[in-house]
Every structure is written in structure tokens, then in C-alpha cells.
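Participant: Before we start, here is the structure in question, set down as C-alpha cells.
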Amino acid sequence: MKKPIIAPSVLSADFSNFAAAAAVIDASGAEWVHLDVMDGKFVPNLTFGPKMVTDLRPKSAGIFDVHLMAYEPDRLAEQFARAGADYITFHAEAAVHSHRLLADIHKLGKKAGISIVPSTPVSYIEPLLPFLDLVLVMAVDPGFGGQELIPECLEKVKNLVRLREQQKLAFLISVDGGINESTARGVREAGVDVLVTGAAFFNAPDKAALVGRLKG
Ligand code: DX5
Ligand code: ZN
């Protein structure tokens, strides 16, 4: 089985010191930095805007994986592209003109992703699959770190693996929410490419050891 990329989420870091969080992530062997942008409307929480990402960019060697949990994501994509995002992922439930936004993100020279909440079926985004670099499957209702993974979401990962093969596509499949040492195995077996980890990562005393165990 291929080892997944690990994407620690700074949502569980000390918000007064993101630079320290970036250093800890780099040192752990995790390849990506997951940046959860929340607008206080699409989800009942607020985090940070593009300036934080601009300021953090020179402090990290990781791939910046921006997860927009916000309505009107078309108003935000360009700012996060300029801030140094590598991947820009928005929610299918928050966007109307998704083909256009995916094309705009590509025109900005960035990888484009779509995310679905646990109650949204894969069929909802099937028409978009050929235009995607990443599908981010939420395994919890987004808004907060430290929630429990909803196991039914793993069927969606298997479904996406099948569709990707049938259609000869190459998008990555990411799972976000409730990933820890006990849940990671099932998610890996479902065929995930990227594991997002917030609470488990920042609570782990030995982060490099955790990254190794999450990779399996
Ligand atoms: C949840 C965020 C996640 C979150 C995951 O709304 O999108 O990225 O940080 O955190 P854990 O791993 O703690 O569930
Ligand atoms: Zn996220």
C-alpha cells in the first residue's frame, strides 16, 4: 500500500505562534501544511485570512493546502493564491459556479480541490472530477478540531478510488477530521492519498513518531 502524505492542520496549533507550528510540522516529516480558513457563516467558527498565509509562507518548506470553509469562495481564491497557497480547496456546498472557480484557480497557477461534508454524496461532485487535483472528504462536520471520525465517510473514499480508476483521472483523495492512530488504518485501507491531522498531531508528544505511524 502506498504511504499517504501527512497534512497537519494548524487549526489545533497555538494561534499566537503559527511560525512555531510551521517549524514543528517541518521537523516532523509531514509534507503538507493544512490551513483551515473559516468564515463564521459556512461553519460556526472563525480562523484567519490570507495575511496569515503570506506571513507563514517563508517560515515553512511544506506544501500549503488551503481548505476554504467559507461562502462565496470565488471572492477568496485569488487572495489565497497570492498569499502562497499551493492547493486551494473549496466546499461544493458553498459554491454555485464550481467549474468557473476551478478554472480560475488553475489560471492562478494553483492546484484546485473540492471538499464535501459528511452528508454530501460523491455523486454531487461527479461532474467535476475531471477538473480536480484534489477531493477533500470531510469525515466530520467542519468547524472544529478534535471531533470523532464518521466511519460511513470511508465508503466515499472507496467510491472515489473506483471512479478515478474507471475514468483514468489523477486527483488526490484527502480525508479530513478525526484522523488519529486508531482511525488512520481504515482510512489508508480505503485508499486515501492525504491524511489531514489536527488534534492528534498537536497533542502528540513525539510528532515524528506519530507521522510515521499515520503513514503505516
Ligand atoms: C475541521 C477542519 C479540519 C480539522 C481537523 O473543520 O477542516 O482540518 O483541523 O482536525 P482534527 O484532526 O482534530 O479532527
Ligand atoms: Zn480542514
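Participant: Out of all the residues in the stretch 179-192, is one or more surrounded by fewer than 23 Cβ atoms within 10 Å (Cβ to Cβ), closer than 21 Å to SER12 by Cβ, β-branched (Val, Ile, Thr) and within 18 Å of the chain's Cα centre (by Cα)?
Facilitator: Yes: one or more hits.
Participant: Kindly indicate the residue of the stretch 105-128 that is assigned to a helix (DSSP H, G or I) and within 27 Å of GLY84 (Cβ to Cβ) and also farthest from ligand 1 (Cβ to nearest atom) among those meeting that condition.
Facilitator: Result: LYS107.
Participant: Got a number for residues in the stretch 185-209 being of a type in the set (Gly, Ala, Ser), in contact (Cβ under 8 Å) with a residue 40 or more places away in the chain and under 18 Å from LYS3 (Cα atoms)?
Facilitator: 1
Participant: Then there is this: Might you check whether a residue that is within 10 Å of ligand 1 (Cβ to nearest atom), assigned to a loop (DSSP other than H, G, I, E, B) and of a type in the set (Gly, Ala, Ser) occurs anywhere in the stretch 180-191? Let's see the steps before the verdict.
Facilitator: Taking the stretch 180-191 first, the residues within 10 Å of ligand 1 (Cβ to nearest atom) are 180, 183.
Filter once more, so that each one left must be assigned to a loop (DSSP other than H, G, I, E, B): 180, 183.
Of the ones still in play, those that are also of a type in the set (Gly, Ala, Ser) are none.
Checked against the condition, which is being within 10 Å of ligand 1 (Cβ to nearest atom), assigned to a loop (DSSP other than H, G, I, E, B) and of a type in the set (Gly, Ala, Ser), the stretch 180-191 yields no hits at all.
Each row is one residue, and each column tells you yes or no for (1) closer than 17 Å to VAL192 by Cβ; (2) modelled with pLDDT of 95 or more; (3) open to solvent by 50 Å² or more (accessible area, probe 1.4 Å); (4) within 11 Å of ligand 2 (Cβ to nearest atom).
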{"position": "ILE116", "(1), (2), (3), (4)": "yes, yes, no, no"}
{"position": "ALA139", "(1), (2), (3), (4)": "yes, yes, no, yes"}
{"position": "LEU149", "(1), (2), (3), (4)": "yes, yes, no, no"}
{"position": "GLU152", "(1), (2), (3), (4)": "yes, yes, yes, no"}
{"position": "LYS158", "(1), (2), (3), (4)": "yes, yes, yes, no"}
{"position": "LEU163", "(1), (2), (3), (4)": "yes, yes, no, no"}
{"position": "LEU172", "(1), (2), (3), (4)": "yes, yes, no, no"}
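Participant: Also, I was wondering about something else. Within the stretch 94-117, work out how many residues are more than 12 Å from the chain's Cα centre (by Cα) and in contact (Cβ under 8 Å) with a residue 40 or more places away in the chain.
Facilitator: 1
Participant: From the residues in the stretch 129-151 that are in contact with a Lys or Arg (Cβ under 8 Å, 6 or more places away or on another chain) and over 21 Å from ALA83 (Cβ atoms), which one is farthest from ligand 1 (Cβ to nearest atom)?
Facilitator: Ranking the candidates gives LEU129 first.
Participant: Name every residue in the stretch 178-198 that is of a type in the set (Gly, Ala, Ser) and farther than 19 Å from ALA23 by Cβ, in order of residue number.
Facilitator: Once the filter is applied, which keeps residues that are of a type in the set (Gly, Ala, Ser) and farther than 19 Å from ALA23 by Cβ, the stretch 178-198 yields GLY178, SER182, ALA184, GLY186, ALA190, GLY191.
The values are calculated or read from the model by the stated rules, or taken from the named source; none is laboratory data. Predicted, not measured: the structure shown is a model, and the values here were computed from it. Here Cβ is always computed from backbone atoms with ideal geometry, including for glycine, and neighbour counts include all displayed protein chains. In case anyone asks, the SASA skips ligands and DNA or RNA and just uses the protein heavy atoms, side chains included. Shrake-Rupley method; radii C 1.70, N 1.55, O 1.52, S 1.80 Å.
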